[in-house]
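Some notes on the structure that comes next.
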Amino acid sequence: MKTPEAFLLEGGSIFVKRNVLHTAILVEHPKGKFLFDTGLGTNIQEQFDQNPFHLKILMAYKNHESALVQLLKAGYDPKQIDQIYLSHMHWDHASGIKDFPWAKIFVSREEHNTALIADIKDGYIQSQFDGDRISWGELNFDDISYESYSKSLNLFGDGSVVFVPMMGHGGGSIGMFLNLSSKKRYFFTGDIAWIKEGFTLPAHKPRVSRRIADADPVALGKELFRVHELVIRKPEIVLIPAHDSIAQESLATFPKWNE
């Protein structure tokens, strides 16, 4: 979708329009293939219609093509993807869960518990993850520090994919460090900030957007500052917020790859 920067960032311009993307990240590793978030799934229109009227206006999207459809068009067998990790379970991140019924869905316990009892006004759409046919997995962090975080999960044991807990947005968001080399590192931050400037300045979402989206603005402010300090110390880390089209220009768009 296209929206004024002022809707995405406190202090942003009302005159500058920014493209907002809804992304699913496909990661291939010798030990497994997985998605980080699902983007908008094949049934998004039916799901989206459940939103309150004002959110339908504010969050209207276009040019939708689900991750599943993109994979099939490219001749990529989606059943190779047997795991999905969710940054959190808001509607635009969890919409495609049921497109991959064979995959195990990993999310933090806090986020899962929040989503199951949340109201639609809080950004969760129950039909995306209800029923008993989804295979859930609980993402548990180890008491091992990583970068600025006191807990982490080194997914494959080789430091290439590391998950960390992130505060303030949803019930229990997670971020993903993807380390292709010591000089080629990405940090996928979900919706902690909607665009990279939220970290680099740092700056919150605008007050109205914050009220719609963020569960704990105080904790989220601390998270913004933590990431801000991290990338000052480690400028090789490329920040990838889930909706920032400019930040995502450093990524390859499927079926191309970042090696």
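Only one residue in 172, 137 is in contact (Cβ under 8 Å) with a residue 40 or more places away in the chain and touching an Asp or Glu at 6+ places or on another chain (Cβ under 7 Å), so which one is that? So the residue among 172, 137 that is in contact (Cβ under 8 Å) with a residue 40 or more places away in the chain and touching an Asp or Glu at 6+ places or on another chain (Cβ under 7 Å) is 172.
Counting only strands (runs of 3 or more DSSP E) wholly contained in the stretch 25-118, the ones carrying 1 or more residues that are among the basic types (Lys, Arg) occupy 32-36, 104-107.
Out of 232, 212, 240, one residue alone is under 16 Å from residue 93 (Cβ atoms), more than 13 Å from the chain's Cα centre (by Cα) and of a type in the set (Val, Ile, Thr). It is 212. When the residues of the stretch 3-55 are filtered to those that are touching a residue at least 60 places away in the same chain (Cβ under 8 Å) and among the basic types (Lys, Arg), the one that is nearest to residue 68 (Cα to Cα) is 31.
Here's a check for you: in the stretch 216-259, which residue that is among the β-branched types (Val, Ile, Thr) and closer than 22 Å to residue 111 by Cα is surrounded by the fewest Cβ atoms within 10 Å (Cβ to Cβ)? Once the filter is applied, the top-ranked residue is 218. Selection within the stretch 123-134: residues that are in a helix (DSSP H, G or I) and touching a residue at least 12 places away in the same chain (Cβ under 8 Å). The member of this set that is surrounded by the most Cβ atoms within 10 Å (Cβ to Cβ) is 128. Scanning the stretch 82-122 for residues that are of a type in the set (S, T, N, Q) and surrounded by 21 or more Cβ atoms within 10 Å (Cβ to Cβ) gives 87, 95, 108.
Computed from the coordinates by the stated procedures, all read-outs in this text should not be read as laboratory data. Computed from a predicted structure; not experimentally measured. Positions of Cβ are backbone-derived with ideal geometry, glycine not excepted, and every protein chain shown enters the neighbour counts.
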